[in-house]
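What follows is a single structure, written as C-alpha cells, with notes after it.
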Amino acid sequence: MTTLQLSNINKYFGTGSSRVHVLRDINFTAKKGELNLVIGPSGSGKSTFLTIAGGLQTPSTGEVELEGQSVKSMSNKQRDAMRLNKIGFVLQAYNLIPYLTVKEQFQLVKKVKKEHNLTNLSLEVLLKRLDIEDLQNKYPGELSGGQNQRVAIARALYTRPDIVLADEPTAALDSERVVEVGKILQTLAREQNTAVIVVTHDLRLVEFADNVYQIMDGQMTLNNNMKLA
Amino acid sequence: MFLSFKEIKKEKVRYGLIIGMIVLICYLIFILTSLAMGLAQQNTDAIDSWNVKSIVLDKDSNTSMAQSLITKDEVKKTNVTSDKAYIGQAAVVTKKSGRTNESAQFLGLKSNQFVAKNLTLTSGHKVEKANQVVVDDKFETDGYKLGDKIKFNSLDKEYKIVGFTKNAKLNIAPVIYGNISEWQNLKNINGQFVASAIVSKKANFKTDNKQLKTYSKSAFISKLPGYSAQNSTFTFMIAFLMIISLIVIAVFLYILTIQKIQNYAVLRAQGIPAKTLVGATISQSITLVVSGLLIGIILTAITALVMPAAVPMSFNIPILSEVGIGLVLTGLLGSLIPIRIILHVDPVSVIGG
C-alpha cells in the first residue's frame, strides 16, 4: 500500500545564473512495512529530498502525495498537523529537548497531540524493546549517543506515524550501534507497519533496507543491487 | 507553561541569576518610588491634611505662600465663611537648651476657622492661648515633650508645646501651628496684614481684589520650592530603570531563545505549532518577572520595617501595584523579539537541505 508518493519532483535554489538544480525529476514511492534507504554523498540533494518528502519545503515542480492527499494543496497549519499526526522525524542532532527528561519528551508530544498516540503500556513495551525503559527520568545530556538516538526513535513512533523520516540517524555512532539502529528501524517498519525512509551516506545500513535508492547530483535511481554487494 | 517550567526547573542557576537581576531592578524601582513618594508627601503633608481645593495669594508672590502678604484692605469685601481660613506662614528655627535646633515652618491659624478646628492631634490639646503651639511629631521623635518651652530665632518670647500632630510637614520642614497674631509678631508686621494666604474648601473661590489671585491646590503644590524638579528627577530615574529592565529582560530572553533555536526548529519540524513555543516564551517571561517582582516586594517590605523614621519613604500599595503591573508589561514587551524569532524558525535548518 503506497503511503508516500513523490512524482516528477524538481527543486531549484537561486535564480538566473546562480540557479542550482538540486533535485531532478525524482519519482519515489514508499510503502508501509518497508525500510527505504536513500544513499548519497554530501551535497547530492538527499536532505532536500527528505524535507520535501516531509512537507517542510515545497518542490519547484512536481507533486507530493501523502496517503493520496496532495501536500501542495495544504495550508501551513494543515502541514503542521500532517507532520504531527502522520510523520515521525528522527534527526541527526538536536533531536531531544535538553531540559526535558526522556519521560517528559513524550509528555510534551501528548500535550499537543492528545489522541491516537501509543498507550502507556505500548510505550513501555517500545521502550523496553529499545532497551531504554530505565532511562525515563534521565535528561538527554546524561545519555550516550546511541541511547539518545533510540529515545528519538521512540519519540518519533510515539504518535503512531504512517511514515518515519530519518536524517542520518547513525551519524556519530560506532559500528555496533549502527547495526543496532539498523535492526530497530527494520523491525519497526515491519512490526508497526510503518513506511521508514532513511537518508544517509552510511553504507552499513544497506543490509537492513528493503529498497535502496542512490541519489547523485539530484538524480535518484533504485539500486537494490547494492544489497547483494 | 510545561516547556517553560521544565526549563526553569532544569536550569536553576541560569534562571536564578536572571531572576536575581530582575529582583534587584524591582527592588531599586520600589525603593526609589517609595522614596519619591515619601519626599513628595513631606512637601505637601500639611496642605493635604487641610482638605482644601483652592488657595488665594498675593499675585506678586510667585505662587509662594512664604512670600505672600494679604492686607486688610484686600480682603475687605471678601466674606471669610466657615469653609475658608487664613494662614500666615513664617520660616523659623526653634531653640531649646538640650535639644537639637529645628528648622520649621510656623503656620499661624485663627482658632475659630476650619483648619485650626479640624486639626487632628496625636497627643495634647489644641492652641488656646497666644503663647501655645501644636507641633509636628518630628519634634517628639527628636526628644521634645508636651509642656516644653521653645523660642524662635533670636526672639526672647517662649512658646509652650501643648500638642503633637501627625503628618504636618510643609516643604519637608516640620510645621508649628500657632495663633495668627504670633505670625504677625514673628514677621514683625503691623496689624494691616491679615495672613499669607486664604485657603478654601471650594475649588471656585474667588476674591474681588485684583491684587489677589486664586490657585488650585495642585497648581500651588507644583510651585512649592524644589517640588517639581525633585519629582521630575525621580520620575526620570524610575522611567529609565523601567527601560533598563525592558532591555535586560529582552536581551536575556533573546539570548536564551537563540540558544534554543535548533530545538525549536526540531519541534517545528515535528509539527509542534508555533503558538505552543510562543506560549512557552511568554509564560517564561511572565514567570521570571513575577518571581523577581514577588521577591522584590518581600525585600521592599523588609526594608520598610527596618528603615529609620528619618528617611522619608512612603509605601503606597496602589502606586506600587501600578509599578508592579508596569514591570510585568515590560517583561511581556521584552519577549516580543524572541517571539518574532520563534515565528520565523525554519525547520529545514536542522535537516540541512
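When you look at B:Ala250, is it assigned to a helix (DSSP H, G or I) and open to solvent by less than 20 Å² (accessible area, probe 1.4 Å), yes or no? Answer is yes for this residue.
When segment B:299-335 is filtered for residues that are farther than 29 Å from B:Lys169 by Cα and either among the hydrophobic types (A, V, I, L, M, F, W, C) or within 14 Å of chain A (Cβ to nearest Cβ) (or both), the ones remaining, listed by number, are B:Ile325, B:Leu327, B:Val328, B:Leu329, B:Leu332, B:Leu333.
Only residues that are surrounded by 22 or more Cβ atoms within 10 Å (Cβ to Cβ), among the aromatic types (Phe, Trp, Tyr) and not in a helix (DSSP H, G or I) were counted across segment B:162-207, and they come to 1. Pairs linking a residue in segment A:159-173 that is modelled with pLDDT under 85 to a residue that is basic (Lys, Arg), with Cβ atoms under 8 Å and 6 or more positions apart or on different chains, are A:Thr170/A:Arg177; A:Thr170/A:Arg204. It is to be established whether one or more residues within segment A:156-166 are in a helix (DSSP H, G or I), open to solvent by 40 Å² or more (accessible area, probe 1.4 Å) and either under 17 Å from A:Glu34 (Cβ atoms) or within 13 Å of another protein chain (Cβ to nearest Cβ) (or both). No, because not a single residue in segment A:156-166 is in a helix (DSSP H, G or I), open to solvent by 40 Å² or more (accessible area, probe 1.4 Å) and either under 17 Å from A:Glu34 (Cβ atoms) or within 13 Å of another protein chain (Cβ to nearest Cβ) (or both).
For the condition without any contact (Cβ under 8 Å) to a residue 60 or more places away in the chain, under 19 Å from the mean Cα position of the chain (by Cα) and over 27 Å from A:Gln149 (Cα atoms), A:Val71 qualifies.
Scanning segment B:263-286 for residues that are away from chain A (no Cβ under 14 Å) and open to solvent by 10 Å² or more (accessible area, probe 1.4 Å) returns B:Ile282, B:Ile286. Within segment A:187-229, the set of residues being farther than 18 Å from A:Gly40 by Cβ, of a type in the set (A, V, I, L, M, F, W, C) and open to solvent by 100 Å² or more (accessible area, probe 1.4 Å) comprises just one member, A:Leu228. Among the residues of segment B:296-333, those that are farther than 18 Å from B:Leu246 by Cα, of a type in the set (Val, Ile, Thr) and open to solvent by 30 Å² or more (accessible area, probe 1.4 Å) comprise B:Ile297, B:Ile298, B:Ile302, B:Val306, B:Val311, B:Ile317, B:Ile319. Filter segment A:85-97 for residues that are part of a loop (DSSP other than H, G, I, E, B) and at the interface with another protein chain (Cβ under 7 Å from one of its Cβ atoms) and give the result. The answer is A:Leu91, A:Tyr94, A:Asn95, A:Ile97. Of the residues examined, A:Ile132 is not one that is more than 8 Å from chain B (Cβ to nearest Cβ), closer than 26 Å to A:Ala30 by Cα, open to solvent by less than 50 Å² (accessible area, probe 1.4 Å) and β-branched (Val, Ile, Thr).
Does segment A:63-84 hold any residues that are assigned to a helix (DSSP H, G or I) and either facing another protein chain (nearest Cβ under 10 Å) or surrounded by 20 or more Cβ atoms within 10 Å (Cβ to Cβ) (or both), and which are they? If the condition is that a residue be assigned to a helix (DSSP H, G or I) and either facing another protein chain (nearest Cβ under 10 Å) or surrounded by 20 or more Cβ atoms within 10 Å (Cβ to Cβ) (or both), then A:Asn76, A:Lys77, A:Arg79, A:Asp80, A:Ala81, A:Met82, A:Arg83, A:Leu84 are the ones that fit. Just checking, does segment B:303-322 include any residue being farther than 30 Å from B:Glu11 by Cα and aromatic (Phe, Trp, Tyr)? Yes, that holds for at least one residue.
For segment B:108-161, no strands (runs of 3 or more DSSP E) sit wholly inside it while including 1 or more residues that are open to solvent by less than 80 Å² (accessible area, probe 1.4 Å), of a type in the set (Val, Ile, Thr) and not assigned by TED's automatic domain parsing to the domain that holds B:Ser82.
Determine whether B:Pro338 is assigned by TED's automatic domain parsing to the domain that holds B:Ile29 and either open to solvent by 60 Å² or more (accessible area, probe 1.4 Å) or under 30 Å from B:Asn171 (Cα atoms) (or both). So B:Pro338 fails the test. Limited to segment A:12-62, what total is found for residues that are part of a loop (DSSP other than H, G, I, E, B), open to solvent by 20 Å² or more (accessible area, probe 1.4 Å) and in contact with a strand residue (DSSP E or B) (Cβ under 7 Å, 6 or more places away or on another chain)? Result for segment A:12-62: 6. Please specify each residue of segment B:56-83 satisfying the condition of being surrounded by 20 or more Cβ atoms within 10 Å (Cβ to Cβ) and touching a Ser or Thr at 6+ places or on another chain (Cβ under 6 Å). B:Val56, B:Leu57, B:Asp58, B:Met65, B:Ser68 - these are the residues of segment B:56-83 that are surrounded by 20 or more Cβ atoms within 10 Å (Cβ to Cβ) and touching a Ser or Thr at 6+ places or on another chain (Cβ under 6 Å). Among the residues of segment A:146-155, not a single one is assigned to a loop (DSSP other than H, G, I, E, B) and either open to solvent by 40 Å² or more (accessible area, probe 1.4 Å) or facing chain B (nearest Cβ under 9 Å) (or both). Within segment B:215-237, does at least one residue satisfy the condition of being farther than 30 Å from B:Ala36 by Cα and assigned by TED's automatic domain parsing to the domain that holds B:Val345? Checking segment B:215-237: not a single residue is farther than 30 Å from B:Ala36 by Cα and assigned by TED's automatic domain parsing to the domain that holds B:Val345.
The values are calculated or read from the model by the stated rules, or taken from the named source; none is laboratory data. The shown structure was predicted, so the numbers you read here are calculated from the model rather than taken from an experiment. All Cβ positions, even for glycine, are placed from backbone atoms using ideal geometry, and neighbour counts span all protein chains on display. Remember, those area values only see protein heavy atoms, side chains included, never the ligands or the DNA or RNA. Shrake-Rupley method; radii C 1.70, N 1.55, O 1.52, S 1.80 Å.
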